[in-house]
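The values are calculated or read from the model by the stated rules, or taken from the named source; none is laboratory data. Computed from a predicted model, the values in this text were never measured in an experiment. Ideal geometry is used to build each Cβ from the backbone, glycine not excepted, and the neighbour counts take in all protein chains shown.
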Amino acid sequence: NAHRYLQIAFAEELYLYCQANNINFPELRDALNTKWNVNILEPREGIGGHCLPKDTKMFLQSSKSVRSKILLASTEVDKDYRGYRQTRAQTDTGHLI
């Protein structure tokens, strides 16, 4: 589940990068996914469900001496992505959703 969390966070970060640089994310994703060993996911509402966040948090807290920098970064990416979606929803509708 931690690996899946990373995959989703990567898609979210790539999406945010595309938005910041005026790049069409679906076109880029489709082009990247033509390679046999690439499968960029489609970001949606953020990383959710019960198991992915729970298992990732458990893994992050399981060691006192070694912290997974990449998983910590992925949780920050998800937070940024959710913030972007919230801001975008407020801008598009004029109110919180």
task = Please specify each residue of the range 24-54 satisfying the condition of being over 19 Å from D78 (Cα atoms), loosely packed, with under 11 Cβ neighbours inside 10 Å and among the acidic types (D, E).
result = E27
request  = Write out, first by first residue and then by second, each pair whose Cβ atoms fall under 6 Å of each other, whose residues are 6+ apart or on separate chains, and whose first residue, in the range 68-83, is modelled with pLDDT of 95 or more while the second is surrounded by 14 or more Cβ atoms within 10 Å (Cβ to Cβ) and outside any helix (DSSP H, G or I).
outcome  = D78/G46; D78/I47; Y81/G46; R82/G46
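In the range 79-95, what count of residues is obtained for those that are assigned to a helix (DSSP H, G or I) and exposed (fewer than 11 other Cβ atoms within 10 Å of the Cβ)?
In the first step, residues of the range 79-95 are kept if they are assigned to a helix (DSSP H, G or I); the result is 79-93.
With the extra rule that they be exposed (fewer than 11 other Cβ atoms within 10 Å of the Cβ), the set shrinks to 87, 91-93.
The number of residues fulfilling the criteria is 4.
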query = If we scan the range 38-52, do we find a residue that is under 16 Å from R88 (Cβ atoms) and free of Cβ contacts under 8 Å to residues at least 24 places away in the same chain?
reply = yes
request  = Considering each residue of the range 24-78, count those that are over 19 Å from N1 (Cα atoms), assigned to a helix (DSSP H, G or I) and not hydrophobic (A, V, I, L, M, F, W, C), and give that number.
outcome  = 4
task = Being surrounded by 11 or more Cβ atoms within 10 Å (Cβ to Cβ) and assigned to a loop (DSSP other than H, G, I, E, B) is the filter; apply it to the range 1-23 and report the residue that is modelled with the highest pLDDT.
result = I23
